[in-house]
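Structure, as C-alpha cells:
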Amino acid sequence: MILGLIFAIIGGSLVSLQNIFNSKVNEQVGSWTTTTLVLGMGFLASLIMGLIFEGKQLFILQNMEPWYWISGLIGVGVVTCIVQGTRLLGPTYAISIIMASQLGFALLFDSLGWLGLDKVPFTFNQLIGVLVIIGGIVVFKLGGRSESKVVTKTVLRHQTNQTFD
C-alpha cells in the first residue's frame, strides 16, 4: 500500500508538472501541435522503455478487449482539454477541477461496474467526500476572486490617485 501511495503522489506531481509544460508549449505552437508533441514524445519514450524492460514481450497483445485500443485516442482528448483548461483557468484551478472530475467519474465507473471494473457499492461517505472536494474548489476560486479585486483596486488607486468603493 505504501508503494501505491508513493506512486500516486509522484504521478500527481508529474501530471501537474506536465500540464504546466504543455500550457507553455501551447502558448508558442498551438493546441494540436502541443498534443502531437506530447503524445509523440510519450510514444517514443514508452517504446524505448518498453523495449528495454520488456523486450519482445512488449508486442504480445493477446486477450485484449477490442475497445481497449481506443485508449490512445482518449489521450488526444485528455491532452487537448487539459491544455485548454489550464490556459483558460490557470494551472491550480484547472488541476483542481480535473482532480474532482477524475474522482467523481472514477466513483461513478466503480459504483456501476462499467468498463469491466468490479462493481463497488456506492456509499454516502464517498458522495460526501466528492462534495467536500468540490466545495473546496468553489471556496478556493471565490476566495481568490475577492482577493484579486482588492489587489486590482489597490493598484488602480495608486496609479490614478482615486478612491474606489
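All told, residue 8 meets the bar of being part of a helix (DSSP H, G or I), within 30 Å of residue 128 (Cα to Cα), out of contact with any Pro (no Cβ under 8 Å at 6 or more places or on another chain) and free of Cβ contacts under 8 Å to residues at least 12 places away in the same chain.
Suppose we keep only residues that are aliphatic (A, V, I, L, M) and surrounded by fewer than 10 Cβ atoms within 10 Å (Cβ to Cβ) within the stretch 1-24. Which one would you say is nearest to residue 96 (Cα to Cα)? Here the answer is 5. Scanning the stretch 107-138 for residues that are closer than 30 Å to residue 69 by Cβ and surrounded by 13 or more Cβ atoms within 10 Å (Cβ to Cβ) yields 107, 109, 110, 111, 120, 122.
So which residues in the stretch 53-96 are at pLDDT below 85 and either of a type in the set (A, V, I, L, M, F, W, C) or at positive phi (or both)? Matches in the stretch 53-96: 61, 63, 64, 67, 69.
The values are calculated or read from the model by the stated rules, or taken from the named source; none is laboratory data. Keep in mind that this is a model prediction, so the values were computed, not measured. Glycine gets a Cβ as well: all are built from the backbone with ideal geometry, and neighbour counts include every protein chain shown.
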